[in-house]
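Remarks on the structure that follows.
The values are calculated or read from the model by the stated rules, or taken from the named source; none is laboratory data. It should be emphasised that the depicted structure is a prediction, and the values quoted were computed from it without experimental measurement. In this analysis, Cβ positions are derived from the backbone assuming ideal geometry, glycine residues included, and neighbour counts consider all displayed protein chains. Heavy atoms of the whole protein, side chains included, go into the accessibility calculation; ligands, DNA and RNA do not. Shrake-Rupley method; radii C 1.70, N 1.55, O 1.52, S 1.80 Å.
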Amino acid sequence: MSNRKKAANVYLISGPLGVGKSTVSKSLADAMSQCALIEGDHLLHIYRGETEPPWEERLRLAWLNIVAVTRNMLGNSVDVVIDFVVEEELEWFRGQLSDFDVTLRYAVLHAEPDILSARLRRRGDEQYLDRSLFLLNKLKASPDNERFLLDAGRRPAEELAVEIVRDPRFIVDVRV
């Protein structure tokens, strides 16, 4: 039995740093009449003070918080757009939504290295280029991501958002 009154949508937008996850996610959210936009980096970087948990613990807690907020929104019939890098969390995340009547759409944005470099340089984040290229290669090499890859190199965010909504290849079955 579902916790939901009506079917809802969850859009999970992944990709390396500088690829346009935030821009596409905001474009997608802006096109909806009502939704919650979860910017995963905000939940990853919530710690203040002299110490913070190790990276793995921060990442684990960020995902738990993303799931909690997503479930709260779905329980109130609100669609959700999530902007966060997904490395190995897709199957776990899918399972966390299996008791909802929900359509999960997952897209892994990618772009050529020179485009990522230019975007990171333009926003003053060139120190993250190595991490971005590492993620680009990891995400593109994963067989689990193959059908979800979407070239975000030279296309407007609005066009990418429409493709994610309309193309059934981005749908992930959440039933277990």
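Scanning segment 104-128 for residues that are open to solvent by 40 Å² or more (accessible area, probe 1.4 Å) and not in a loop (DSSP other than H, G, I, E, B) returns Pro113, Asp114, Arg119, Arg121, Arg122, Glu126, Gln127, Tyr128. Residues in segment 137-176 that are under 16 Å from the mean Cα position of the chain (by Cα), hydrophobic (A, V, I, L, M, F, W, C) and open to solvent by 10 Å² or more (accessible area, probe 1.4 Å): Phe148, Leu149, Ala157, Val162, Val165, Ile171, Val172. Condition first: under 11 Å from Val10 (Cα atoms) and surrounded by fewer than 21 Cβ atoms within 10 Å (Cβ to Cβ). Now tell me which residues in segment 80-99 satisfy that. Listed by number, the list holds a single entry, Arg94. Counting residues in segment 131-141 that are touching a residue at least 40 places away in the same chain (Cβ under 8 Å), in contact with a helix residue (DSSP H, G or I) (Cβ under 8 Å, 6 or more places away or on another chain) and charged (D, E, K, R) gives zero.
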